[in-house]
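Okay, so here's the structure we're looking at.
The values are calculated or read from the model by the stated rules, or taken from the named source; none is laboratory data. These numbers come from a predicted model, not from an experiment. Here Cβ is always computed from backbone atoms with ideal geometry, including for glycine, and neighbour counts include all displayed protein chains. SASA here: full protein model, heavy atoms, side chains in, ligands and nucleic acids out. Shrake-Rupley method; radii C 1.70, N 1.55, O 1.52, S 1.80 Å.
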Amino acid sequence: PKSSSSPRGPHTIFNPTTYFVEEVVKGVDESDLHRTWIKVVATRNARERSSRLENMCWRIWHLARKKKQLEIEGIQRMSARQNEQEKVRREATEDLSEDLDEGEKGDIVGELMPSGTPKKKFQRNFSDLSVWSDENKEKKLYIVLISVHGLVRGENMELGSDSDTGGQVKYVVELARALAMMPGVYRVDLFTRQVSSPDVDWSYGEPTEMLTSGSHDAEGSGESAGAYIVRIPCGQSNKYIKKESLWPYLQEFVDGALAHILNMSKVLGEQVGHGKPVLPYVIHGHYADAGDVAALLSGALNVPMVLTGHSLGRNKLEQIMMQGRMSKEEIDATYKIMRRIEGEELALDAAELVITSTRQEIDEQWGLYDGFDVKLEKVLRARTRRGLSCHGRFMPRMMVIPPGMDFSNVVVQDIDGDGDKDDINLDAASPRSLPPIWAEVMRFLTNPHKPMILALSRPDPKKNITTLVKAFGECRPLRELANLVLIMGNRDDIEEMPPGNANVLTTVLKLVDKYDLYGSVAFPKHHKQADVPEIYRLTAKTKVGCMLYSVVPPCFRFSISF
């Protein structure tokens, strides 16, 4: 048998073990590998341990690949620098050639020739994910977004129906529409899970749904142009599955998404690629599960990956642990938090760009992860700009992009400028003449003329709605001055809601009864997405003094004044 240390000749038998040791393990920092191995060994459940081992091996391979690519780039930069020096020396030699004999020419040329110049050409495997510029307007780009969990559709979103169908659903749908309208973008596919269950609307079982037909540029439109929701079957397609239970089925989702991307790449190649497949310009994962999927697709297709966390597992674990109501084992059993964190670590290793909402998210949330260090990231970025070696370390670039607001569905109406609330005549107006959501809110209120304090969010414990109700109930001057309006998603029966949401609503009802807030607090059961502008308009009609969207954490004290 061949020795593992013998040089590889043309007839040497390939040994996977030798390759793994020589090419992979030696390229990984031992402290990172040891820290990850300790986490694996500490996992008691055999199935989870196998999953963590698989992810760890993937991360080792990915880190080794990144290191090789960085080393190749360093060799290329050195080669380019040497070529430039050689060019200068040759020009100097040519200038002196008239004064030198043939022997002297040869000696000087020999002295000026660089030694040890690499002759092998290295292919750069890194992607060129650059800042968007006007040059991209002429391109026909294909962009893939991934948001696995929840109920995703383009119209009449059921936001707040459960903890998985919230602001992220609206965010990704509006992002897909906005990207498709950008010059240079030909098609945007938003991948999500297909749900063909009798418990949900039939539209969530449709394989595809068009969001928009594409750019305003008529010449850039085509048969497949525009933004689409693409629903990939995985797991039990006839059953709605919460995000905590989706982890075992993500590989099936990857397979389905990969098949669709390859097929669509061929179709787009025939339409706009001159016969060559058009691979995605970028794959953008949203949340930990989609980040896990995007990392695998990015590696399979050699396409750059972008990640948006939306909320992070390590931060959530810290917050729940601080409350002291659940042990770490109970938290993991309920939220599959360790698998989620591992998925976020995997996505962080694979992503070239991470989109965050605030600088705090970078420093205090992503800073908790093994794959990101705030101070080290600054050092690596500085070394990259200066063309210095990063010694195999890689961290994604962090970009703060605060979420915006789509005002296309908001109809601006003139409000009387005299400030006299008697002109509103909410009581005298016919119920049919008012927007339906107005009547739904006002039926709770004894005096709807009072200014309204508005809280609009799903009934999630982290939104801290119960603290707002408690503060309102304990402040008599505030109760006399204003009404409290709580738009807490949609519900039919509290008993059928997820435990966390049901607990919030039950606590709200108990607080209303405790402080006798009947007639001062409104909490309608249903509202549509199109009702949101009318809810804000009603609040403005009552001359609101303070408007709240996401209530502050319990560690903060707040006061409301008019």
Say R0 is 25 Å: what FRET efficiency, to the nearest 0.05, do Val379 and Gln82 get from their beta-carbon distance?
-> 0.40
Counting Lys +1, Arg +1, Asp -1, Glu -1, what net charge surrounds Lys378 among other residues with beta carbon under 12 Å of its beta carbon?
-> +2
Solvent-accessible area per residue for region 436-542 at a 1.4 Å probe radius, Å²?
-> 44
Do any of Lys463/Lys514; Lys66/Lys336; Lys242/Lys510; Lys66/Lys463; Lys139/Lys243; Lys67/Lys375 go past 31 Å between their Cα atoms, and which?
-> Lys66/Lys463; Lys139/Lys243
On the protein heavy atoms, probe 1.4 angstrom, tell me the percent of accessible surface of region 136-400 carried by carbon and sulfur.
-> 51
Euclidean distance between Cα centres, region 435-459 to region 327-379, Å | 38
Can you pull the one-decimal nm distance between simple spin-label points at Leu509 and Leu258, each 7 Å off the Cα toward Cβ?
-> 4.9
Taking a probe of 1.4 Å, how large is the accessible area per residue of region 136-400, in Å²?
-> 43
Could you calculate the contour length gain from Gln319 to Glu223, that is, 0.36 nm times the residue separation minus the distance between their Cα atoms, to one decimal place in nm?
-> 29.7 nm
Spin-label proximity, Asn156 to region 171-187 - amide N less than 19 Å from point 7 Å beyond Cα toward beta carbon | 173-174
Over region 436-542, with every protein chain in place, what whole percent of the accessible area is carbon and sulfur at 1.4 Å, could you tell me?
-> 52
